[in-house]
Each structure stands twice: as structure tokens, then as C-alpha cells.
Amino acid sequence: MSRFFAFIYDPMIAKTETACLQDWRKELLANAYGTVLEVGAGTGANINFYPEQVDKLIISEPDEFMRKRLLEKLSNSSLKDSQVKSFGMEDINLADNSVDCVVSTLVCCSVHSPYDALKQVYRVLKPGGLFLFMEHVAAENNPGRLKWQNRINPIWKRISGNCHTNRETEKYMVETGFTIKKITKASMRKAPAFVRPTIRGIAVKPQ
Ligand SMILES: C[S@@+](CC[C@H](N)C(=O)[O-])C[C@H]1O[C@@H](n2cnc3c(N)ncnc32)[C@H](O)[C@@H]1O
């Protein structure tokens, strides 16, 4: 990512936030509790939605320019116990079985290896722990849109910080060993057509 991308990220996504993302973030994060790790936190769009039952929040963002904006937002928030880290989702620097929940919103599209990233999430979650996800994905039931996603992907990932338009994140989670407890599939309104299909919900690391 670049300083420029970090600068335009919030205004770029503002209409989509109002149209749907803020409601989805609030609904998703209501499930967070205990010790929570958020990966790829960007400019901190989730921080105002964490509920009281979160005791400790570890927020990671590998991009220095996004992290700077995250730190600014955090300094104006009422979050009690939070730490900011710079590791990526593939290199989570926390102990095995150490967190109650991991949060990822619009991140699995951008990681280098979704399988390596999800394996790390699985490793650090306690048995029974929750992976709270909200991701844009491949248009599994719309072959016409999927064709366009596949066509545009090589260009889009170059200009948008490695964001892939056609990831099959539900499949990757299941293959990593997660049990999908809840999943909602919806169109991300006011977003470009090729990133509109989304999934959000709760995946569990089995006991
Ligand atoms: C589209 S933004 C989403 C930001 C934020 N999570 C949100 O919901 O608005 C994608 C974020 O993923 C981060 N990212 C990219 N590669 C990553 C990786 N390998 N591990 C963790 N985060 C990554 C980017 O730096 C960026 O902040």
C-alpha cells in the first residue's frame, strides 16, 4: 500500500460504509469477547464497534501508512486495553491457543496466502474460539460476474494493494479445519460490481 492509498481509503469506502458496512461491522463485532485479535485493521473502521465484553484487544496492521491512521483513530477512542502490532495475518506473533476471537474484515482478499493466513488464525485461537469474518469473495452463483472478476483480478490486485476479486474464502476456512457456525451472503451496496459478493459470519475452531 502507499501513503496515497491510506489517505484515500476512508473517503473511498465512505458510501459503502453508510450503505451497509457499518451495520455489518456492528452486528459481527457484537459476538466478540475476551481477548480479541483483529488482523489487517486498516485505518481502524472496527474500533468503535467493540462491545464491553472485550477485555483485551490486540490490533495488527502491517502497512505503516494505514497503521498511522489506525493509531490516530485509536487515540480518540474509548477502548480500554488495546495494543497495536505490525505483523501480517500469515505471521501472527502470538502463542498457540491464546485468543478467544480473531476478527478479519476485508482482509482475506489481500493476504499473500489465504491458507497460510487462516492456519495462523486457527493456531492462535483457543479451542472453541471464534473467527469473526466479513470478506468480499468470488461470485459463486453468478458465472457472468465471476468471469469478470477473473478477468479484472490481475489488474485490480496490482492497483489496490494485492486485493483479489475472486477469493473462495468460505472454502479455505472449511479446508483449514474451521466449522462454519453462521454465514450470511449479501451484496456490498455502493461498491464496484466485481467486489460486491460478500460473506460474513462466525467460524469456530472445534473443541
Ligand atoms: C481493504 S483493507 C481493510 C481494512 C479494514 N480491515 C476494514 O475493514 O476497513 C485491507 C487491509 O489488509 C491489510 N493487509 C494486506 N495484506 C495483509 C496481510 N498479509 N496480513 C494482514 N493484513 C494485511 C492492508 O494493509 C489493509 O489495511
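Only the coordinates and a few stated rules stand behind these numbers; no lab work does. Just so we're clear, the structure is a prediction, and the values are computed from it rather than from any experiment. Reconstructed Cβ throughout: ideal geometry from the backbone, glycine too, with neighbour counts over all protein chains shown.
Based on Cβ point charges of +1 for Lys and Arg and -1 for Asp and Glu, what charge dipole magnitude is obtained for region 88-190 about its Cα centre, in debye rounded to the nearest 20?
580 debye
Of the DSSP beta bridges with both residues in the chain, give the percent that are antiparallel, rounding to the nearest 5.
Percent antiparallel among DSSP bridges in the chain is about 45.
Which of Phe178, Leu71, Phe4 sits closest to the plus end of the dipole of the chain, meaning its Cα is farthest towards the positive end, when Lys and Arg get +1 and Asp and Glu get -1 on the C-beta?
Value: Phe4.
Glu27 label point, 7 Å along Cα→Cβ, cut-off 17 Å on backbone N: hits in region 167-207?
181-191, 196-203
Which of rounded, prolate, oblate describes region 1-103, given a ≥ b ≥ c as roots of the alpha-carbon gyration tensor eigenvalues and a/c under 1.5 marking rounded, otherwise prolate only if a/b is larger than b/c?
oblate
Please report the spacing between the Cα centers of region 49-69 and region 125-181 in Å, no decimals.
Region 49-69 and region 125-181 have Cα centres spaced 22 Å from each other.
Tabulate in residue order the Karplus-calculated ³J(HN,Hα) for region 154-162, using 6.51 cos²θ - 1.76 cosθ + 1.60 with θ = phi - 60°, rounded to whole Hz; enter x for Gly and Pro.
Karplus-based 3J(HN,Hα) across region 154-162 equals x, 7, 4, 5, 6, 9, 10, x, 6 Hz.
How would Glu61, Glu17 line up from fewest to most surrounding beta-carbon atoms within 10 angstrom?
So the residues, fewest neighbours to most, are Glu17, Glu61.
Counting trypsin sites (Lys or Arg not before Pro) as exposed when in a DSSP loop with at most 15 other beta carbons within 10 Å, what is the longest stretch of the chain free of them?
For trypsin sites (Lys or Arg not before Pro) (loop position, at most 15 other Cβ atoms within 10 Å), the longest site-free span of the chain is 81-188.
Work out how much length Phe4 to Thr179 would gain on full extension: take 0.36 nm times their residue separation and subtract the Cα-Cα distance, in nm to one decimal.
Roughly 59.2 nm would be gained on extension.
When the label point is put 7 Å from the Cα of Glu52 along its Cα-to-beta-carbon vector, which residues of region 73-105 have a backbone N closer than 17 Å?
Within reach of a label on Glu52: 78-81.
Could you line up Val54, Val84 from fewest to most neighbouring Cβ atoms inside 10 Å?
Val84, Val54
Does region 77-194 come out rounded, prolate or oblate, given a ≥ b ≥ c as the square roots of the eigenvalues of its C-alpha gyration tensor, rounded meaning a/c under 1.5 and, failing that, prolate meaning a/b above b/c?
prolate
Can you put Glu38, Glu135 in order, fewest other beta carbons within 10 Å first?
Glu135, Glu38
Quote to one decimal, in nm, the extra length available between Arg123 and Ile155 on full extension: 0.36 nm per residue of separation minus the C-alpha distance between them.
8.2 nm is the gain from fully extending Arg123 to Ile155.
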